[in-house]
Amino acid sequence: MNKPVLKDFEINPKIKLSALWAAVTLCYLYGDYFELYVPHKVRGLISGNNLLNSPSKLLAAAVLLAIPALMVFISIVLKPRLNRILNIFFGLMYSAIMILIACTSLTEWRAFYVFLAIVESIITILIVRYAFTWPRE
C-alpha cells in the first residue's frame, strides 16, 4: 500500500527572508542573555566596566540590534527590488560581524557565543542567497 505523498508549497521569498531574520534575531537575543552567565559579566555591568559603557555605545548597539528585528517586517512589506538590495547588504554586513565575533570569542566560557555566531552567520548567508536568487518574472 502506497502512503500518500504530502503536498509541499512554494514559499514566497519575502516570507523566507522574514523568517530567517526572525531566527537570527532570536539567536542574537539568546547569545546576549547567555553571556550574563559568564563569570564576572554581571559585576562589570554593575560597575560600568564593560564594552557598552557610554550612551553613544549603547545607542550604536541598539541600532545594530534593531536592524535585524526591523528586517523581519521590512522583508514582508517592501517591493522586491529594494527588498533584495537591503537583504543582500544587511545579510553580508551581519555575516561579516558574526564571523568576526566568532573569531574573537574563542575562549572556554564563550564557546556558546562562537556556536551562536556560526549559526547566525549561516542564517545571514542564507538570507543573502535567497535574496540574490530572488525569482524573476
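Annotation note: Cβ proximity below 6 Å between a residue of segment 39-64 that is free of Cβ contacts under 8 Å to residues at least 60 places away in the same chain and a residue that is open to solvent by 90 Å² or more (accessible area, probe 1.4 Å) and in a helix (DSSP H, G or I) (sequence gap 6+ or interchain) occurs for Leu52/Leu58.
Annotation: of all residues in segment 9-39 being assigned to a loop (DSSP other than H, G, I, E, B) and in contact with a Phe, Trp or Tyr (Cβ under 7 Å, 6 or more places away or on another chain), the one that is most open to solvent (accessible area, probe 1.4 Å) is Pro39.
Can you tell me how many residues within segment 94-109 are part of a helix (DSSP H, G or I) and either surrounded by fewer than 19 Cβ atoms within 10 Å (Cβ to Cβ) or among the aromatic types (Phe, Trp, Tyr) (or both)? Spell out the reasoning first.
Of the residues in segment 94-109, the ones part of a helix (DSSP H, G or I) are 94-104, 108-109.
So of that shortlist, the ones also either surrounded by fewer than 19 Cβ atoms within 10 Å (Cβ to Cβ) or among the aromatic types (Phe, Trp, Tyr) (or both) come out as 94, 96-97, 99-101, 103-104, 108-109.
Counting residues in segment 94-109 that are part of a helix (DSSP H, G or I) and either surrounded by fewer than 19 Cβ atoms within 10 Å (Cβ to Cβ) or among the aromatic types (Phe, Trp, Tyr) (or both) gives 10.
Being in a loop (DSSP other than H, G, I, E, B) and either among the hydrophobic types (A, V, I, L, M, F, W, C) or open to solvent by less than 90 Å² (accessible area, probe 1.4 Å) (or both) is a description that applies to Met1. If you take the residues of segment 53-83 that are assigned to a loop (DSSP other than H, G, I, E, B) and open to solvent by 70 Å² or more (accessible area, probe 1.4 Å), which of them is farthest from Asn12 (Cα to Cα)? Among those that are assigned to a loop (DSSP other than H, G, I, E, B) and open to solvent by 70 Å² or more (accessible area, probe 1.4 Å), it is Asn53. Anything in segment 29-50 that is touching a Lys or Arg at 6+ places or on another chain (Cβ under 8 Å) and under 24 Å from Gly91 (Cα atoms)? List them, or say none. Glu35 - this is the single residue of segment 29-50 that is touching a Lys or Arg at 6+ places or on another chain (Cβ under 8 Å) and under 24 Å from Gly91 (Cα atoms). Quick one: is Arg129 part of a helix (DSSP H, G or I) and surrounded by 15 or more Cβ atoms within 10 Å (Cβ to Cβ)? No: the conditions fail for Arg129. So, of the residues in segment 110-126 that are more than 19 Å from Asn87 (Cα to Cα) and touching a residue at least 24 places away in the same chain (Cβ under 8 Å), which turns out to be surrounded by the fewest Cβ atoms within 10 Å (Cβ to Cβ)? Checked segment 110-126; the qualifying residue surrounded by the fewest Cβ atoms within 10 Å (Cβ to Cβ) is Phe112. The conditions of being of a type in the set (A, V, I, L, M), within 25 Å of Phe112 (Cα to Cα) and open to solvent by 90 Å² or more (accessible area, probe 1.4 Å) are met by Ile46. Consider Leu6 carefully, then state whether it is open to solvent by 80 Å² or more (accessible area, probe 1.4 Å), farther than 24 Å from Glu120 by Cβ and either part of a helix (DSSP H, G or I) or free of Cβ contacts under 8 Å to residues at least 24 places away in the same chain (or both). Yes.
The values are calculated or read from the model by the stated rules, or taken from the named source; none is laboratory data. Just so we're clear, the structure is a prediction, and the values are computed from it rather than from any experiment. Virtual Cβ from ideal backbone geometry, glycine too; neighbours counted across all protein chains shown. In case anyone asks, the SASA skips ligands and DNA or RNA and just uses the protein heavy atoms, side chains included. Shrake-Rupley method; radii C 1.70, N 1.55, O 1.52, S 1.80 Å.
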